[in-house]
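Structure first, commentary second.
The values are calculated or read from the model by the stated rules, or taken from the named source; none is laboratory data. Predicted model only: the values in this text are computed from it and were never measured. Methodologically, a virtual Cβ is constructed for each residue, glycine included, from the backbone with ideal geometry; neighbour enumeration extends over all protein chains shown.
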């Protein structure tokens, strides 16, 4: 490019027999302007092409950022729903709820025992279904959850404990002898091995009084604090992992 003016000047000084209008200075000025315009246009088009390419990439990044922000907002709303459901779910494992049933039996509030047990069952089913739906909603977006099995396992443990208390309440409220309870088909199917073992240790021909029921009931709910801690810790880790995953959404494909 720097040698072009020298070459042009040399070419214009070469003698020719063809008629040429204008002198060398005029032609040199013409070619300088003509070629300068071509070079300027080429540079301008090059700059325009680069700018359009940069603008296209910037628009693509902005579009992706908008999509990421929308996905982030949706996931934050999902996480808020999950947190609320998890808080309600964890509260179901509070042993105070089950101790309240035992106290109802102790003070003869029979009318409160079975409605309370039914409410625990209903709440457990309702909240478990809610969590399952929330997880399924996010699974449709391709996010797999590895904690559902742990929650289901602990839910079964809680259901068994509630069922055992229900059998004890029926024995006490309806004055059912131990022998009759052990012979009941539904009891054999639903009661835990722990409750069966505890009743086997009793005099099978008697009706258990409150003190005996109280000892057995407290033995049944004894594992609950450990289950409560496991459920709470699992839920905390699960929510923290989901929060970390959601926070990374804004950085995807940018």
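Could you look through region 67-103, keep only residues that are over 16 Å from the mean Cα position of the chain (by Cα), assigned to a helix (DSSP H, G or I) and touching a residue at least 60 places away in the same chain (Cβ under 8 Å), and pick out the one that is nearest to residue 161 (Cα to Cα)? Among them, the one singled out is 98. The set of residues in region 104-130 that are under 16 Å from the mean Cα position of the chain (by Cα) and over 15 Å from residue 159 (Cβ atoms) contains only 130.
Those residues that are within 16 Å of residue 108 (Cβ to Cβ) and either at pLDDT below 90 or surrounded by fewer than 15 Cβ atoms within 10 Å (Cβ to Cβ) (or both), I need them from region 213-230; list them, please. Those that are within 16 Å of residue 108 (Cβ to Cβ) and either at pLDDT below 90 or surrounded by fewer than 15 Cβ atoms within 10 Å (Cβ to Cβ) (or both): 213, 214.
Between 204, 175, the distinction of being over 22 Å from residue 111 (Cα atoms), loosely packed, with under 15 Cβ neighbours inside 10 Å and either touching a residue at least 12 places away in the same chain (Cβ under 8 Å) or touching a helix residue (DSSP H, G or I) at 6+ places or on another chain (Cβ under 7 Å) (or both) belongs to 204 only.
Just one residue in the set 79, 158, 182 is at pLDDT 90 or above, surrounded by 15 or more Cβ atoms within 10 Å (Cβ to Cβ), in contact with a helix residue (DSSP H, G or I) (Cβ under 7 Å, 6 or more places away or on another chain) and within 30 Å of residue 208 (Cα to Cα); that residue is 158. The residue that is farthest from residue 225 (Cα to Cα), among those in region 105-121 that are free of Cβ contacts under 8 Å to residues at least 24 places away in the same chain and surrounded by 13 or more Cβ atoms within 10 Å (Cβ to Cβ), is 109. The test for being touching a residue at least 40 places away in the same chain (Cβ under 8 Å) and either under 27 Å from residue 89 (Cα atoms) or under 34 Å from the mean Cα position of the chain (by Cα) (or both) holds for residue 151.
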